[in-house]
Amino acid sequence: MGEQDQETRARVLNAAARLFAERGFAKVTVRDICKKARANVAAVNYHFGGKDGLYRAVVQMAIDMMLSVTNDGIAAGKDLSPEERLRAYVGTFLRRIASRDINVTWIHQLMTRELADPTDALGVVAEQVMKPRMAYLCGIIGELLGCPSDDPRAVRCALSLRGAVSDADVDFRLRRSSRRDLTSPPEVDEMAEHITRFSLGGVQAVRLKPDSPMISKDA
């Protein structure tokens, strides 16, 4: 593939990523994409085999970027204690979420649309991104609890931590949408530390009292 073809392919891919994220797969036409990319309408078939193939390429690009964040979070905690691995992982994610990187926005929009109106791509994202992330978190929490990583207690703790990170993500986005100042690096670090300490406290509580009584159905 020549340099010009590579440039055209990249323009089409990037234009499609933004449009699919903004409008969803069904509401974007090949003509819309090529117009935004300043490319001939034949470019989509030539480079991607059609609109479906282009969407798969966009999703794979998102997956690759999400995996890079996962790998950075894991690398940041290499050879550290379970507590510090968790702290490094949370900090890596929050700093990425709060960054000015434009890729963060369109990937978030695309994934939100996939959750609301799933395509076959959602299963690929779950398999390649979400499962490895959960497996890593459950492994750390399992160490802290002294139980296997697939123990329901470890899984529930990991879900709680993931929920806290997601809520912080929403807060950061609300700041942007209301034109408030973007979250500063010290604020991001403080939030990461709070989520980590709060989560570790919860894990400790579960470890000390693993067999909480179930609420009676008659209550």
Practice task
Go through segment 135-159 and count every residue that is surrounded by fewer than 17 Cβ atoms within 10 Å (Cβ to Cβ) and closer than 24 Å to SER99 by Cα.
Solution key: 1
Exercise for the section: For segment 21-56, name all the residues that are within 21 Å of LEU115 (Cα to Cα), in contact with a Leu (Cβ under 6 Å, 6 or more places away or on another chain) and part of a helix (DSSP H, G or I). Expected result: ALA21
Fill in the blank from the handout: Scanning segment 79-104 for residues that are within 22 Å of ASP189 (Cβ to Cβ), out of contact with any helix residue (DSSP H, G or I) (no Cβ under 8 Å at 6 or more places or on another chain) and in a helix (DSSP H, G or I) gives GLU84
Handout entry: Residues satisfying the stated conditions in segment 47-84, i.e. in contact (Cβ under 8 Å) with a residue 40 or more places away in the chain and open to solvent by 70 Å² or more (accessible area, probe 1.4 Å)
Key = ARG56, GLU83
Handout entry: Which listed residue is touching a residue at least 24 places away in the same chain (Cβ under 8 Å) and open to solvent by 10 Å² or more (accessible area, probe 1.4 Å), from GLU22, GLU3
Key = GLU22
Practice task
Select the helices (runs of 4 or more DSSP H) contained entirely in segment 114-210, then report the ones holding at least 2 residues which are touching a Cys at 6+ places or on another chain (Cβ under 7 Å) and under 20 Å from TYR89 (Cα atoms).
Solution key: 152-177, 185-208
Fill in the blank from the handout: Restricting segment 117-168 to residues that are modelled with pLDDT under 95 and acidic (Asp, Glu), the one nearest to HIS194 (Cα to Cα) turns out to be ASP167
Practice task
Please state which one of ARG96, ARG85 is modelled with pLDDT of 90 or more and in contact with a Gly (Cβ under 7 Å, 6 or more places away or on another chain).
Solution key: ARG85
Completion exercise
Residues of segment 43-92 being farther than 30 Å from GLU193 by Cβ and not aliphatic (A, V, I, L, M), in sequence order, are ASN45, TYR46, HIS47, PHE48, GLY49, GLY50, LYS51, ASP52, GLY53, TYR55, ARG56, GLN60
Completion exercise
Conditions (1) free of Cβ contacts under 8 Å to residues at least 24 places away in the same chain; (2) closer than 30 Å to VAL203 by Cα -> LYS35 fails only (2)
Completion exercise
Note: among ASP32, ASP52, ASP72, just one is among the acidic types (Asp, Glu) and under 30 Å from MET191 (Cβ atoms), namely ASP72
Practice task
Please work out if ARG96 is closer than 23 Å to VAL170 by Cβ, surrounded by 17 or more Cβ atoms within 10 Å (Cβ to Cβ) and more than 12 Å from the chain's Cα centre (by Cα).
Solution key: no
Problem - Number of the exception - ALA98 against (1) touching a Ser or Thr at 6+ places or on another chain (Cβ under 8 Å); (2) more than 26 Å from SER177 (Cα to Cα) - result: (2)
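The values are calculated or read from the model by the stated rules, or taken from the named source; none is laboratory data. All values reported here derive from a predicted model rather than from experimental measurement. Here the Cβ is made from the backbone with ideal geometry for all residues, glycine too, and neighbour counts use every protein chain on show. Heads up: the accessible areas ignore ligands, DNA and RNA and are worked out on the full protein's heavy atoms, side chains in. Shrake-Rupley method; radii C 1.70, N 1.55, O 1.52, S 1.80 Å.
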